[in-house]
Amino acid sequence: MRERKGLDPTDIRILSAVQKHGQLSKTRLAEIVNLSPTPCWARLTRLREAGYIRGYHADIALERVIDATRVVVTVSLTHHRKIEFDRFETYIRSVDEIINCVATGGGIDYVMTVVTPDLSAFQALMDDLLSADLAIDRYMTYFATRLIKAEQPNLAKLVAKNGSKSGS
């Protein structure tokens with residue numbers, strides 16, 4: 001993983017802070033980053049405007065709100081042409097119940113995480129996918145029994161390890 005040009009260690013500290021804590025006051029962010037508030041806020045604004053920060057999200061304890069069915073689904077398409085990948089990915093982006101979808105190389109094309117209220121809602125979603133002319137050849141489902149870990153990567157650690165590789 002390469003670090004993008006134009007980011008210095010202070011930018012990485014700012015990105016790490018908002019990744020971990022979400023939206024922060026100017027003063028609190030400056031304390032965490034160890035920079036005075038005005039330049040810290042200016043850097044944060046620059047990082048937002050440059051597209052390094054996609055948004056701020058709350059990590060809701062879904063299991064405390066509702067019982068839900070979480071399913072990991074692997075999908076292989078019939079053909080491996082750009083038009084089929086584009087059609088599939090466009091459709092997937094429009095389905096709220098699909099909370100994560102990763103394109104992969106190897107034996108399968110996509111790994112998705114689906115969250116629905118119950119098993120019948122999951123099956124209805126899969127029926128819709130299969131009837132949507134998405135060139136799905138096969139899919140496998142894995143029902144999640146417990147969520148063990150769901151976090152963002154440790155940005156500061158990734159950058160530090162990347163820096164040590166490029167210095168070799």
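Taking label points 7 Å from Cα along the Cα-to-Cβ direction, ASP59 and ARG81 give a separation of 4.4 nm. In the neighborhood of LEU35, defined by Cβ-to-Cβ distances under 15 Å, what is the net charge if each Lys or Arg adds +1 and each Asp or Glu adds -1? After counting each charged neighbour, the total is +2. Couplings 3J(HN,Hα) of the stretch 94-103, computed from phi: 8, 9, 4, 5, 8, 8, 7, 8, 10, 7 Hz, in residue order, whole Hz [Karplus 6.51 cos²θ - 1.76 cosθ + 1.60, θ = phi - 60°; x for Gly and Pro]. Volume per residue of the convex hull around the Cα atoms, evaluated for the stretch 37-168, comes out as 191 Å³. Using the alpha-carbon atoms, what tilt in degrees (0 to 90, nearest 10) does helix 155-166 show relative to the longest principal axis of the chain? Approximately 80 degrees, to the nearest ten.
Between the Cα long axis of helix 9-21 and the first principal axis of the chain there is an angle of about 50°, rounded to the nearest 10.
Exceedance of the 32 Å cut-off in Cα-Cα distance is limited, within the set LYS20/LYS82; LYS82/LYS157; LYS26/LYS157, to LYS20/LYS82; LYS82/LYS157. Counting neighbouring Cβ atoms within 10 Å and putting the fewest first, the residues SER94, SER36 line up as SER94, SER36. Sum up the charges of everything whose Cβ sits under 15 Å from the Cβ of LEU44, counting Lys and Arg as +1 and Asp and Glu as -1, but leave LEU44 out. Counting the neighbours of LEU44, the net charge comes to +4.
Using Cα pairs under 8 angstrom and six or more residues apart, how large is the relative contact order of the chain, in percent? Across the chain, relative contact order equals 27 percent.
By its C-alpha gyration tensor, with a ≥ b ≥ c as the square roots of the eigenvalues, how is the stretch 31-92 shaped: rounded for a/c under 1.5, else prolate for a/b larger than b/c, else oblate? Before the final figure, lay out the partial values.
On the way: a/c = 4.47, a/b = 1.63, b/c = 2.75.
Oblate, since a/c reaches 1.5 and b/c is not below a/b.
Approximating the spin labels as points 7 Å out from Cα along Cα→Cβ, the THR45-to-TYR142 distance works out to 4.6 nm.
Neighbours of LEU147 by Cβ distance under 14 Å: Lys/Arg scored +1, Asp/Glu scored -1, total 0. Annotation: the residues MET112, MET126, MET140, sorted from fewest to most other C-beta atoms within 10 Å of their own C-beta, follow the order MET140, MET126, MET112. Listed by chain and number, the aspartates and glutamates whose C-alpha is less than 13 Å from the C-alpha of LYS161, apart from same-chain residues fewer than 8 away, are GLU3. Counting beta carbons within 10 Å around each of CYS40, CYS101 and listing the fewest first gives the order CYS101, CYS40.
Readers should treat all values here as calculations from the given coordinates under stated rules, not as data from a laboratory. Since the structure is predicted, the reported quantities are computational estimates derived from the model, not experimental observations. Glycine also receives a Cβ, built like all others from the backbone with ideal geometry; neighbour counts cover every protein chain displayed.
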